[in-house]
Amino acid sequence: MQSSNGRHRDGGDGSESSAERHEDTGEYGAASREVRYEDPWYDALASGWGELDGAGAPAPVPAARTGREGAAVRTRDVYLEVQRSPAFQEVRSRYRRFVVPAVALFLTWYVGYVVTATTAPGLMARPVAGAVNVAMVAGLGQFLTTFVLTWAYARHARLRRDRAALELRWDTQELTRGARGGAS
């Protein structure tokens, strides 16, 4: 199949079109030989990008819409106000109190595993049970730690942050709706 810009979509060599391979009868029963694939996301450039103006130079990118600048300024102020609020700071603080120690602990464990594996191969080769050695147990421990950390993060978010974040979201939406004059 060939797009409206002439590129082939089916990976073929382009010697025959989709209409030639499959006899497509159009609305009036006649075979349609011209098949065009109209896809604005595929064919069209973003407005102002890569297009040439009359002098052959790239056209300037159009400025952002300014129809509702007053409402946008008030909406921006709402978000700044929410960001400065104690409720938002508490949610961020709870997030940081969990994430920073968890990341530090996990990275220490991971780097310790890698350093031990490279500097103490004798220790890592020590058998634990049968053919299973210390390196295998520590490597599987990395996977286990990842799953436990993911579970702990999800649990912490559910119990300590989600309700407060949802309340902030609702409050923010109500405030922005009010800043825009009731428009949604």
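A Cβ distance below 7 Å, combined with a sequence gap of six or more or placement on separate chains, defines the contacts here; from the range 115-142, residues that are at pLDDT 90 or above reach residues that are surrounded by 14 or more Cβ atoms within 10 Å (Cβ to Cβ) and among the aromatic types (F, W, Y) in the pairs A138/Y113; Q142/Y113. Within the range 119-137, the presence of a residue that is open to solvent by less than 60 Å² (accessible area, probe 1.4 Å) and of a type in the set (S, T, Y) is excluded. The helices (runs of 4 or more DSSP H) located wholly in the range 82-184 that include 3 or more residues which are touching a helix residue (DSSP H, G or I) at 6+ places or on another chain (Cβ under 8 Å) occupy 86-119, 134-156, 162-179.
In the range 92-113, the residues that are closer than 24 Å to R158 by Cβ reach residues that are charged (D, E, K, R) with C-beta atoms within less than 6 angstrom, at least six apart or across chains, in these pairs: R94/R160; R94/R161.
The values are calculated or read from the model by the stated rules, or taken from the named source; none is laboratory data. The structure presented is a predicted model; accordingly, all values stated were derived computationally and were not measured. With ideal geometry, Cβ positions are generated from the backbone for all residues, glycine too; neighbour counts draw on all protein chains shown. Ligands, DNA and RNA are excluded from the accessible area calculation, which covers all protein heavy atoms including side chains. Shrake-Rupley method; radii C 1.70, N 1.55, O 1.52, S 1.80 Å.
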